[in-house]
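All remarks here apply to the structure that follows.
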Amino acid sequence: MHTIKGQGVCGGVAFGRLELLKKASKLIQRSHVEDTDKEWERFENARAKASAQLKELYEKALNEVGEENAMIFDIHQMMLEDQDYLDSVKANIWEQKLNAESAVGITADNFADMFASMDDSYMQARAADVRDISERIISILTDSSNTGIKSDTPVIVGAEDLAPSETVQLDKSKILAFVTEKGSSNSHTSILARTMNIPAVIGADGIMDDKNGGADIIVDGFTGYIYVNPDMQTVLEMQKKKDKSEAQKALLAKLRGVKPVTKDGQQILLYANIGSNEDMPAVYANDAMGVGLFRSEFIYLESKTYPTEDEQFAIYKSAAQKALGKRVIIRTLDIGADKQVDYFEMPKEENPAMGVRAIRICLTRPEIFKTQLRALYRASAFGKIAIMFPMITSVSEVRKIKEICAEVRKELEAEGIPFNKNTELGIMVETPAAAVISDKLAEEVDFFSIGTNDLTQYTLAVDRQNAAADAFCDTHHPAVLRLIKTVVDNSHKHGIWTGICGELAGDMSLTELFLAMGVDELSVSPGLILPLKQKVLETNVSEIKEKLLSELE
């Protein structure tokens, strides 16, 4: 037995024979051409055929993995139209008088190297995309194609890398898991693997060695370990892990559709925290009742300049429509502190966690704020959008926000643009100041959502980014828990609801306490929804409430 260590990107344990998926040789013969017009026509014909293939792949992926994950093939079609890419191919053909295959290969290498050299991991992952579309064109030009899985029985697929198009075209019924030598956790292939729930490991250096082909292996998608020709002890240990994982999944799957109600009848909403529309399939798969936190800052973090109103509107509208009537709470721009955006050109601060961040940026740059609010209100016409504002410390801030919201609604009405006039407005309670005056803030808004990460940081004066201070960060500190109870009590006195969207929402050692406090909603990462539901179903609040709450006094 020997072991290979990679990075697990989709959990699960798989046993099977390893089939090495090696691409058909595309050794490009470089040649000189005289008729450059004819060679360019060859390229254009191949490009048109590639675009048609990608359209078919989009339709296939749409049925298998949903619209968000299928969008990569739309993106690939757009990359085929990229003017810089086309200019490079054209220059290689017309100026260098190269054959089309060589022209595409050189362009692919140059563009892929450019992406791979970037610091941003997302952009690095785009190197695989440009190689994917280029290899597709070269395959058409050379009349060659990938061989695919040859086995008649399910296997574990090994590959140097898997482009999104290759992943979608593989026969899923024949795949137990896949392992690649290259790839990244941000690649579309990794995203597709997680959506398809196929155990996957990337960065497994050495897996493509010919001696591994046909070997019996075990893939541990949780840890990233691959066991080649495992001994009996390893087989038994990994079988236990597989059985436990599948039993847990089967148990939790039975909870889909079951309402999260305690044994004594107390109901709670279980929502999901997401960072983009790409996370929506996980919301459905895990039976979330809505989205409790849509982190809109990722739209800004992934952009090279200020996202426009229309760009944001398209994203928010898509989220609203995909939610199918469920509430989607979108948090307005929350950058600053550990989330920096270069094009905002924020001045350097000695203590950014205490500086101009989140709502403070919005209130000092109202033009940016109003752009986002217009997009949000426009999207509210297409679903149940709620808007939430971060880092609130005073009633005056909330009133100023409401004034700006009223201005935006008035503008949209004057322009004849539809929106939901009853869109809920809520605030994040993540500062001690907001918690202490939550009785006053409750008079101004429709709901509270407690951000326990920052609430803990500010209450305990412990920098959450400072690993050296971890020993002093007691997330169960009585001061933090008392503040949470204060917020819940004050919200209920004024007829509004309170949720928790910070990390403590998923801490199941606190679930019973939160139920005893009367927390109305818990919003967690999608994968925690069903385990959390199980905890709720097993709890009898009336039996524990008095004891738990007395411990806070």
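The values are calculated or read from the model by the stated rules, or taken from the named source; none is laboratory data. Just so you know, these numbers come straight off a predicted model, no measurement behind them. Backbone-built Cβ (ideal geometry, glycine too); neighbour counts: all protein chains shown. Heavy atoms of the whole protein, side chains included, go into the accessibility calculation; ligands, DNA and RNA do not. Shrake-Rupley method; radii C 1.70, N 1.55, O 1.52, S 1.80 Å.
Here are some notes:
- Taking region 3-115 and dividing mean pair separation by its residue count, relative contact order in percent (alpha carbons under 8 Å, at least six apart): 33
- 3J(HN,Hα) along region 229-236, derived from phi through the Karplus expression 6.51 cos²θ - 1.76 cosθ + 1.60 where θ = phi - 60°, amounts to 6, x, 7, 4, 4, 5, 4, 5 Hz, with x in place of Gly and Pro.
- Distances between every pair of Cα atoms in region 261-351, grouped in 5 Å steps from 0 to the bin holding the largest one, split as 2, 12, 21, 18, 15, 12, 9, 5, 3, 2, 1 percent.
- A simple rule links phi to the HN-Hα coupling: the Karplus curve 6.51 cos²θ - 1.76 cosθ + 1.60 with θ = phi - 60°, which for region 472-484 gives 9, 9, 8, 5, 9, 4, x, 5, 5, 5, 5, 5, 4 Hz, with x for Gly and Pro.
- Modelled this way, with points 7 Å down the Cα-to-C-beta line, the labels at Glu345 and Leu62 are 4.3 nm from one another.
- By accessible area, using a 1.4 Å probe on protein heavy atoms only, region 448-526 has 51% of its surface on carbon and sulfur.
- Rounded to 5, percent antiparallel among DSSP beta bridges of the chain: 35
- Solvent-accessible area per residue, Å², over the chain with all protein chains present [probe radius 1.4 Å]: 46
- Kirkwood Rh and Cα Rg combined as Rg over Rh, evaluated for region 444-545: 0.98
- Largest to smallest in accessible area, the residues Tyr85, Tyr58 fall in the order Tyr58, Tyr85 (1.4 Å probe, all protein chains included).
- Relative contact order (percent, whole number), the chain, Cα cutoff 8 Å, 6+ residue spacing: 14
- When only alpha carbons of the chain are considered, Rg and Dmax amount to 26.6, 89 Å.
- For region 52-62, Karplus couplings with θ = phi - 60° (6.51, -1.76, 1.60), whole Hz, Gly/Pro x: 5, 5, 5, 5, 5, 5, 4, 5, 5, 5, 4
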